[in-house]
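Please read the structure below before turning to the comments.
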Amino acid sequence: MKTYRTRIFRIDENNLEEAIAEAAAIIKEGGTVAFPTETVYGLGADALNPEAVKAIFQAKGRPADNPLIVHVSSKEQCESLVKNISDKAVLLMNIFWPGPLTLIMERKQVVPDITTGGLDTVALRMPDNKVAMELIKCSGKAIAAPSANRSGKPSPTTAEHVISDLDGRIDVVIDGGPVIVGVESTVIDMTTEPPAILRPGMVSQQDIENEIGSVDIGYDDKVHPDNKEVRSPGMKYTHYSPDANVILVEGNNENVTKKISQMFSDFQMRGAKIGLLLTEESAKHFVSKEIFSLGRKDKPEETASSLFFGLRYMDEKKVDVILVDGSFSHLGVGAAVSNRIRKAAEMIIKV
């Protein structure tokens with residue numbers, strides 16, 4: 001694989017315009033640029049340039065049949081990429097764009113197979129982040145951008161996470177600070193009736209149904225067999241996994257705390273180094289060097305913004321096992337958090 005001298009652009013109010021112009025030039029030339037969005041950091045390249053998109057897959061070590069999300073800065077840009085934008089799709093764009101909602105629609109032939117994983121559809125979204133939007137506008141390109149991590153690892157929520165995974169494998173990292181949401185966008189397939197949510201995110205099923213009526217749920221929390229075609233990122237292959245073994249304990253807070261306490265003692269007796277990802281309510285019952293807070297159990301948005309950071313923190317601490325408190329609320333973005341942890345977990349225990 002080609003090696004790069006990865007450059008880091010640290011953004012502030014004084015250099016934004018200059019940094020974006022330089023990064024946009026790299027996109028135009030077929031290069032790779034990691035940039036912040038409101039969800040996670042993305043690894044971007046010109047979505048209509050097959051060689052540029054190929055460089056994304058090579059940098060990440062990503063399977064080629066795993067479709068990419070294409071980021072746009074206007075509805076007009078969407079129209080150049082898809083054959084038909086339904087009335088429901090227009091409504092969702094008007095309500096949730098820019099924002100963490102990805103719409104799957106029938107693609108035009110201008111979108112290359114490598115970008116769509118060989119599918120007849122393409123996934124589009126408009127990010128709610130100034131750096132991302134300016135990069136798209138300045139480059140004049142629709143930008144294909146999966147999460148900017150090595151394939152299978154926890155998604156990056158800071159530029160430091162990107163550098164840890166991809167230094168020497170991509171052209172540029174734009175450091176725009178930590179992201180806000182912390183989990184990837186909701187993905188909804190608009191080619192079916194009713195539309196089907198294929199990946200949960202910050203925009204919940206209820207949020208969508210309030211606008212367009214009933215939708216199907218087209219995802220589960222399992223990793224699908226390699227031979228199964230999927231229409232969205234996050235549905236196939238291992239995702240979100242740190243180096244340590246992850247054990248998720250689900251149930252009410254009291255039962256979860258008791259079970260994690262028991263497992264913590266058992267693993268300690270075996271000489272294992274244990275990391276704890278705990279809600280604030282559970283954390284007060286433990287004394288350990290390696291505790292990372294997931295926030296309050298009734299505030300799933302706090303868990304969303306903490307999850308991937310916490311998993312990467314535990315890898316830095318070289319723990320053997322990560323015990324995760326699953327007593328947080330699964331409402332709203334909590335459904336997305338649960339989905340991500342379940343895909344990362346070696347074992348799920350219900351108490």
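The values are calculated or read from the model by the stated rules, or taken from the named source; none is laboratory data. Predicted model only: the values in this text are computed from it and were never measured. All Cβ positions, even for glycine, are placed from backbone atoms using ideal geometry, and neighbour counts span all protein chains on display.
In the list Met126, Met93, Met190, Met105, which residue meets the criterion of being free of Cβ contacts under 8 Å to residues at least 40 places away in the same chain, in contact with a strand residue (DSSP E or B) (Cβ under 9 Å, 6 or more places away or on another chain) and of a type in the set (A, V, I, L, M)? First the steps, then the outcome.
Values: Met126 fails: free of Cβ contacts under 8 Å to residues at least 40 places away in the same chain; Met190 fails: free of Cβ contacts under 8 Å to residues at least 40 places away in the same chain; Met105 fails: free of Cβ contacts under 8 Å to residues at least 40 places away in the same chain.
Exactly one residue qualifies, and that residue is Met93.
I'd like the full set of residues that are closer than 24 Å to Ala89 by Cα and not in a loop (DSSP other than H, G, I, E, B), limited to segment 115-133.
Of segment 115-133, the ones closer than 24 Å to Ala89 by Cα are 115-130, 132-133.
Across segment 115-133, the qualifying residues are Thr115, Thr116, Thr121, Val122, Ala123, Leu124, Arg125, Lys130, Ala132, Met133.
Would you pick out the residues in segment 88-101 that are in a loop (DSSP other than H, G, I, E, B) and either of a type in the set (A, V, I, L, M, F, W, C) or under 12 Å from Ala142 (Cα atoms) (or both)? Step through it out loud before you land on a result.
Keep residues of segment 88-101 that are in a loop (DSSP other than H, G, I, E, B), which gives 97-100.
Across segment 88-101, the qualifying residue is only Trp97.
Please note which helices (runs of 4 or more DSSP H) are completely contained in segment 1-79 and include at least 3 residues that are modelled with pLDDT of 95 or more and farther than 18 Å from Ala142 by Cβ. Lay out the reasoning, then the answer.
Numbers: elements: 16-28, 50-60, 75-79.
Hits in segment 1-79: 16-28, 50-60.
Of all residues in segment 113-128, which are of a type in the set (Asp, Glu) and more than 18 Å from the chain's Cα centre (by Cα)?
Going residue by residue through segment 113-128, those that are of a type in the set (Asp, Glu) are 113, 120, 128.
Answer for segment 113-128, where residues must be of a type in the set (Asp, Glu) and more than 18 Å from the chain's Cα centre (by Cα): Asp113, Asp120.
Output yes when any residue across segment 82-97 is surrounded by 18 or more Cβ atoms within 10 Å (Cβ to Cβ) and within 18 Å of the chain's Cα centre (by Cα), and no when none is.
yes
Show the residue pairs meeting these rules: Cβ distance below 7 Å; 6+ apart or different chains; first residue within segment 25-44 and free of Cβ contacts under 8 Å to residues at least 40 places away in the same chain; second residue assigned to a loop (DSSP other than H, G, I, E, B).
Within 7 Å, the pairs are Gly30/Asn49.
Rundown of residues vs (1) at pLDDT below 95; (2) hydrophobic (A, V, I, L, M, F, W, C); (3) touching a Cys at 6+ places or on another chain (Cβ under 7 Å); (4) in a loop (DSSP other than H, G, I, E, B), yes/no style:
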{"site": "Asn149", "(1), (2), (3), (4)": "no, no, no, yes"}
{"site": "Gly152", "(1), (2), (3), (4)": "yes, no, no, yes"}
{"site": "Pro156", "(1), (2), (3), (4)": "no, no, no, yes"}
{"site": "Val162", "(1), (2), (3), (4)": "no, yes, no, no"}
{"site": "Ile170", "(1), (2), (3), (4)": "no, yes, no, yes"}
{"site": "Ile180", "(1), (2), (3), (4)": "no, yes, no, yes"}
{"site": "Val183", "(1), (2), (3), (4)": "no, yes, no, yes"}
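Can you spot a residue in segment 102-110 that is outside any helix (DSSP H, G or I), over 17 Å from Ala47 (Cβ atoms) and in contact with a Gly (Cβ under 9 Å, 6 or more places away or on another chain)?
Taking segment 102-110 first, the residues outside any helix (DSSP H, G or I) are 102-110.
Now drop any that are not over 17 Å from Ala47 (Cβ atoms), which leaves none.
No, that holds for no residue.
Looking at (1) touching a Cys at 6+ places or on another chain (Cβ under 8 Å); (2) hydrophobic (A, V, I, L, M, F, W, C); (3) not in a loop (DSSP other than H, G, I, E, B), which is the only condition Ile85 fails?
The failed condition is (3).
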